[in-house]
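The values are calculated or read from the model by the stated rules, or taken from the named source; none is laboratory data. Nothing here was measured: the structure is a model prediction, and the numbers come from that model. A quick note on method: Cβ atoms are made from the backbone with ideal geometry, for glycine too, and the neighbour counts reach across all protein chains shown. Protein only, heavy atoms only, side chains kept; ligands, DNA and RNA dropped before computing areas. Shrake-Rupley method; radii C 1.70, N 1.55, O 1.52, S 1.80 Å.
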Amino acid sequence: MAEHRSMQRAALLDAARCLLSEGGTEALTFPALAERTGLARSSVYEYFRSRAAVVEELCKVDFPVWAAEVAAAMERAESAEGKVEAYVRQQLALVGDRRHRAVVAISASELDAGAREKIRAAHGGLVTMVVEALQEMGHEQPRLAALLLQGIVDAAVRRIELGAAEDPAVITGAAVTMALRGVRG
């Protein structure tokens, strides 16, 4: 029975990822989740009490996976600069990934304070990973630099998500250049 419940929960989360990546948070409704999974709407409420609860669960499940992929890419880099580049490139490489798209949709949405706080904490963990590399590069305020760097990544993610005129590889290259060399390019 517990196995069946966890399979249904996983199916609901997967349906939520699809809905988020296709239509953002507005698309994430209980009727849509019920339709996608073939469950009765009342059954959806047995697993999650609200949309925010679905979002929180996705953050709990998907953010660590995403962060681990970024961390692994950084570990493969030889230099501090290489680590910063990997930090930017890996996040942007994950944009096409459905889990990542769901995370982006979540980050951009209007959520209750509790869910927003969880997202902020998860993002904070991501930013912390690059602080050390920035320290190594001699930044006087590595934490601030890391937060600003994440801003560049977030802007590039949004640009790619919008299906901007530039190719995602061009956007990624520009983000890496901006991250490593600032506006001088």
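Would you point out the residue of segment 50-65, among those that are small (Gly, Ala, Ser) and out of contact with any helix residue (DSSP H, G or I) (no Cβ under 7 Å at 6 or more places or on another chain), that is surrounded by the fewest Cβ atoms within 10 Å (Cβ to Cβ)?
Of everything passing the filter in segment 50-65, 50 is surrounded by the fewest Cβ atoms within 10 Å (Cβ to Cβ).
Scan segment 9-28 residue by residue and report those that are surrounded by fewer than 17 Cβ atoms within 10 Å (Cβ to Cβ), at pLDDT 90 or above and not small (Gly, Ala, Ser).
9, 14
Out of the residues in segment 78-102 that are over 18 Å from residue 178 (Cβ atoms) and in contact with a helix residue (DSSP H, G or I) (Cβ under 6 Å, 6 or more places away or on another chain), which is most open to solvent (accessible area, probe 1.4 Å)?
Restricting to residues being over 18 Å from residue 178 (Cβ atoms) and in contact with a helix residue (DSSP H, G or I) (Cβ under 6 Å, 6 or more places away or on another chain), the top hit is 98.
Looking at 19, 13, can you tell me which residue is in contact with an Asp or Glu (Cβ under 9 Å, 6 or more places away or on another chain) and in a helix (DSSP H, G or I)?
13
Looking only at segment 39-49, how many residues end up being surrounded by fewer than 17 Cβ atoms within 10 Å (Cβ to Cβ) and either in contact (Cβ under 8 Å) with a residue 12 or more places away in the chain or acidic (Asp, Glu) (or both)?
Residues that pass the stated criteria total 3.
Which number in (1) surrounded by 15 or more Cβ atoms within 10 Å (Cβ to Cβ); (2) modelled with pLDDT under 95; (3) β-branched (Val, Ile, Thr) marks the one condition that residue 183 misses?
(1)
What is the residue count in segment 95-113 for residues that are more than 12 Å from residue 161 (Cα to Cα), part of a helix (DSSP H, G or I) and either at pLDDT 70 or above or touching a Gly at 6+ places or on another chain (Cβ under 8 Å) (or both)?
Total satisfying the criteria: 1.
May I ask you to list the residues in segment 162-179 that are out of contact with any helix residue (DSSP H, G or I) (no Cβ under 6 Å at 6 or more places or on another chain) and not in a loop (DSSP other than H, G, I, E, B)?
If the condition is that a residue be out of contact with any helix residue (DSSP H, G or I) (no Cβ under 6 Å at 6 or more places or on another chain) and not in a loop (DSSP other than H, G, I, E, B), then 169, 170, 173, 174, 177 are the ones that fit.
Does residue 68 count as closer than 15 Å to residue 123 by Cα and open to solvent by 40 Å² or more (accessible area, probe 1.4 Å)?
Yes, satisfied.
Out of 54, 70, 130, 84, I need the residue that is at pLDDT 85 or above, farther than 20 Å from residue 17 by Cβ, aliphatic (A, V, I, L, M) and out of contact with any Pro (no Cβ under 9 Å at 6 or more places or on another chain). Which one?
84
Search segment 124-145 for residues being surrounded by 14 or more Cβ atoms within 10 Å (Cβ to Cβ) and under 15 Å from residue 182 (Cβ atoms), and hand back the single one that is nearest to the chain's Cα centre (by Cα).
Across segment 124-145, the extreme among qualifying residues is 145.
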